[in-house]
Every structure is written in structure tokens, then in C-alpha cells.
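Presented below is the structure to which this report refers.
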Amino acid sequence: PFAWHGASFLIFELSTPVLHIRSALIEFKCDSSAITISTYVFAVVFFLVRIVWGNFYAFPLVWNHLIRLDDMPSWQKIAFWAFSLLSAGLNSFWMLQIVKSGMKKRNGKSKSGKTVQRA
């Protein structure tokens, strides 16, 4: 049963290739529309796999399974729950940072907080 749970947590990494593609587009100074599209795709994929899948499907399913396991020591269950909560908290924090960054860029501000002149 844990093989399926391990695979369900690997789904969290579906946003990573999109992030690397976006980074490559930026590094190779590709067209700004391609970078913008990859940024939006990354944000959507991150939200779907890390926030929706993780918080509303994977974590409750695994937690429910752990409650039913009698042969697992309680300290392992507590550690797993603590790390699951930490993971969910970090994913939510990074989603908030992605949204804030997108709002700044949309409002015409750079990372330094200065207004960017649009062409």
C-alpha cells in the first residue's frame, strides 16, 4: 500500500520540469511571451499538484491510512504527520510567494519595488 502513497507524493514534483523550462527560457533570453506563458503554466501546475492534490487528496488519504496502522510506532506516525504539515505549510507559503510575484509584475513593479516602464 505504501508504493501507491509514495507515487502519490511524487506527483508533487510535476511542477519542477515546468520550473526548469521557465528558467531555461529566461537564461537563453527567449521571447518574453514564452517566458510569460511558462510562468503562468508553472503557477497553475504548482497550484494543482501541490495545493489541490496535496492538501485535499494525498495528505488526508495517507493520514487516514496511518491512523489504521497498528504496527507502526506512534513516534513514526507523529513524525510523519509533522513532516506532512510542514510540507503543506511550505507549499502554501511558496504558492503565496508565486501569487505575490505575479501581482507585482502585473502591476508593473520589479523585484526592487520600483515601477517598470512598459513599452
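Annotations for the structure displayed:
- Of PHE80, PHE46, PHE56, the residue with the largest accessible area leads and the full order is PHE56, PHE80, PHE46 (1.4 Å probe).
- Accessible area of the chain belonging to carbon and sulfur atoms, whole % at 1.4 Å probe: 70 percent
- Expressed per residue, the C-alpha convex hull volume of region 33-76 stands at 68 Å³.
- Nearest 10 degrees, 0 to 90: helix 15-27 Cα axis against the chain principal axis: 20 degrees
- Taking the helices alone, the chain has a mean residue ellipticity at 222 nm of -22500 deg cm²/dmol, built from -39,500 (n - 2.57) per DSSP H run of at least 4 residues and averaged over all its residues.
- With DNA, RNA and ligands ignored, accessible area of LYS100 (1.4 Å probe; Å², nearest 10): 100 Å²
- For peptides 60-73, 14-27, sequence by mean Cβ density within 10 Å, most packed first: 14-27, 60-73
- Contact order, relative form, for the chain: 23 percent (alpha carbon pairs under 8 Å, 6 or more residues apart, mean separation divided by residue count).
- Per the Kirkwood formula applied to alpha carbons, the chain shows a radius of gyration over Rh ratio, Rg over Rh, of 1.12.
The values are calculated or read from the model by the stated rules, or taken from the named source; none is laboratory data. Since this is a predicted model, take the numbers as computed values, not measurements. A quick note on method: Cβ atoms are made from the backbone with ideal geometry, for glycine too, and the neighbour counts reach across all protein chains shown. Note: accessible area is taken over every heavy atom of the protein model, side chains too, but ligands, DNA and RNA are not part of it. Shrake-Rupley method; radii C 1.70, N 1.55, O 1.52, S 1.80 Å.
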